[in-house]
Amino acid sequence: MAWIDPSRRVDTMSTGSPVAIVADAVPTWAAWVTVTVLAIQMATGTFSARYMRIWYRDRLLRAVLAVLAGTLTFAFSLIRQVGSKQVPNIGVSVAGFLLVLSLVLFLLFFDRFIHRLRPVAVADLVGQMALRVIASVTQAAEIDTSAAEIAAGDPVLMVTSGRAGSIQAIHVPGLVTWASRHNHLLAMQAAVGDFVTTGQHLIAVFGDGAAPVKASRLQAMVALGAERTVAQDPAFAIRIMADIAVKALSAAINDPTTAVQALDHLGNVLRLLGATQLHGPLTFRDTKGTPRLLMPGRTWTDYLTLAVTEIREYGSTSIQVMRRLRAVLEDLQESVRPEHRPAVAAEIAKLDATTATGFAGSVDENQARARDRQGIGGPAASEMNSPAASN
């Protein structure tokens, strides 16, 4: 390590010294902590507590924390090398670089914090995550309505949960490989997102002959945690977006425009789900085409009910929400698979009943029954779209 001239007296509190770098890094830490606390307050108060898991797993957040902690640790360790007449030049240069890097990352983090904590940005982020999950999980399985026939008979082994928690993910390839190796069929007794208690049935093993006695291998392929995740659960992403809309419609916030923005992204996710074959149980086969894993699967009605029921209920007196929700449902009626259309028609009928109740005797009843992709004020909001104009 290079040192400055020992004969020169150096003031260790001067600019560029490790002590000064530590002193400069402390305000950066304080600012970062302040912004993070504000982010937590806004995320839980304005959006949904479920969104916090996505927030604290953000890579930039972890990078900022790592660099700030590394800068402080390095600067403090460098102080031990400082004497009254010598300062390690290279160490000071590295510490100064780390301090600048910390400031840059903090500014990037602050910019990201501002932009990503807008309701529409949160809905867009969660919606994009849902689209990826649908493409990678739901569409990768084979829809098989004869699952009950495949798993006929009594199981040779019943794997129970070793602890309580929500099912966050299932290692599908591992379970299929295990079942193929032992010539068994596995049937999940709970779906991703379900909360299981200690000792609850988790996996039923079917097949000829006795299964291995130890169930720990199969238990390890089911990830349990304190809360749900979006990793393999598109319904949880829909839950977060619906929570944002419902909270915006509460009397304390009263922000129907945010609910309409959440409906924009919910409609996008529902459109993809509606184009997917969803009939319930999912069947995963091995390389020879033999069924090896059965998993509970949500139907189109399950997803649609989750997405619109509470928004329709809490937005029953908002013209903006009623009109946007009608536009979402009518668009879905045209775009989803034919077998999914009866469920959409049923939701439109419920929307008609809700509107009739919420706007009974109101001069705005006809307006509330119209469709508008912007909620209110859009180009589709005209008298020709109202039931009165069509009569």
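The values are calculated or read from the model by the stated rules, or taken from the named source; none is laboratory data. Quick caveat: nothing in here was measured; it's all calculated off a predicted structure. All Cβ positions, glycine included, derive from the backbone under ideal geometry; neighbour counts span all protein chains shown. Heads up: the accessible areas ignore ligands, DNA and RNA and are worked out on the full protein's heavy atoms, side chains in. Shrake-Rupley method; radii C 1.70, N 1.55, O 1.52, S 1.80 Å.
Looking across segment 208-224, the residues that are surrounded by fewer than 17 Cβ atoms within 10 Å (Cβ to Cβ) and modelled with pLDDT under 90 come down to ASP208, GLY209, ALA210, PRO212, VAL213, LYS214, SER216, ARG217.
One residue alone among THR305, THR317, THR287, THR357 is at pLDDT below 90 and surrounded by fewer than 21 Cβ atoms within 10 Å (Cβ to Cβ), and that residue is THR287. Scanning segment 249-289 for residues being without any contact (Cβ under 8 Å) to a residue 12 or more places away in the chain and of a type in the set (A, V, I, L, M) gives a total of 2. So, of the residues in segment 346-377 that are assigned to a loop (DSSP other than H, G, I, E, B) and acidic (Asp, Glu), which turns out to be nearest to ASN268 (Cα to Cα)? Going through the qualifying residues, I end up with ASP372. Counting only residues that are over 29 Å from ALA179 (Cα atoms) and either touching a Pro at 6+ places or on another chain (Cβ under 6 Å) or small (Gly, Ala, Ser) (or both), how many does segment 262-292 have? Going through segment 262-292 one residue at a time, the tally reaches 4.
Residue-by-condition table, conditions (1) within 28 Å of the chain's Cα centre (by Cα); (2) open to solvent by 30 Å² or more (accessible area, probe 1.4 Å); (3) modelled with pLDDT of 90 or more:
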| position | (1), (2), (3) |
| --- | --- |
| ARG326 | yes, no, yes |
| PRO342 | no, yes, yes |
| ILE348 | yes, yes, yes |
| SER382 | no, yes, no |
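Residue-wise test of (1) modelled with pLDDT under 80; (2) within 30 Å of GLY289 (Cα to Cα); (3) not in a helix (DSSP H, G or I).
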| residue | (1), (2), (3) |
| --- | --- |
| LEU60 | yes, no, no |
| PHE74 | no, no, no |
| GLN81 | yes, no, yes |
| GLN86 | yes, no, yes |
| VAL94 | no, no, no |
| LEU101 | no, no, no |
| LEU125 | yes, no, no |
| ALA135 | yes, yes, no |
| PRO155 | no, yes, yes |
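Looking across segment 282-313, the residues that are under 23 Å from the mean Cα position of the chain (by Cα) and farther than 16 Å from ILE348 by Cα come down to LEU282, MET295, PRO296, GLY297, ARG298, THR299.
Pairs linking a residue in segment 180-202 that is farther than 28 Å from PHE236 by Cβ and open to solvent by 10 Å² or more (accessible area, probe 1.4 Å) to a residue that is part of a strand (DSSP E or B) and of a type outside the set (A, V, I, L, M), with Cβ atoms under 6 Å and 6 or more positions apart or on different chains, are SER180/ARG292. Residue count for segment 157-172 under the criterion of being part of a loop (DSSP other than H, G, I, E, B) and either more than 17 Å from GLY199 (Cα to Cα) or open to solvent by 20 Å² or more (accessible area, probe 1.4 Å) (or both): the result is 4.
Among the residues of segment 225-252 satisfying the criterion of being closer than 30 Å to VAL205 by Cβ and small (Gly, Ala, Ser), which is surrounded by the fewest Cβ atoms within 10 Å (Cβ to Cβ)? Going through the qualifying residues, I end up with ALA226.
Could you say which residue among LEU224, LEU293 is touching a Gly at 6+ places or on another chain (Cβ under 9 Å) and either within 22 Å of VAL196 (Cβ to Cβ) or in a loop (DSSP other than H, G, I, E, B) (or both)? Sole residue among the options that is touching a Gly at 6+ places or on another chain (Cβ under 9 Å) and either within 22 Å of VAL196 (Cβ to Cβ) or in a loop (DSSP other than H, G, I, E, B) (or both): LEU224.
Answer yes or no as to whether ASP255 is in contact with a Leu (Cβ under 8 Å, 6 or more places away or on another chain) and open to solvent by 50 Å² or more (accessible area, probe 1.4 Å). Spell out how you get there, then give the answer.
Details: in contact with a Leu (Cβ under 8 Å, 6 or more places away or on another chain): yes; open to solvent by 50 Å² or more (accessible area, probe 1.4 Å): yes.
Here the answer is yes, as ASP255 does meet what is asked.
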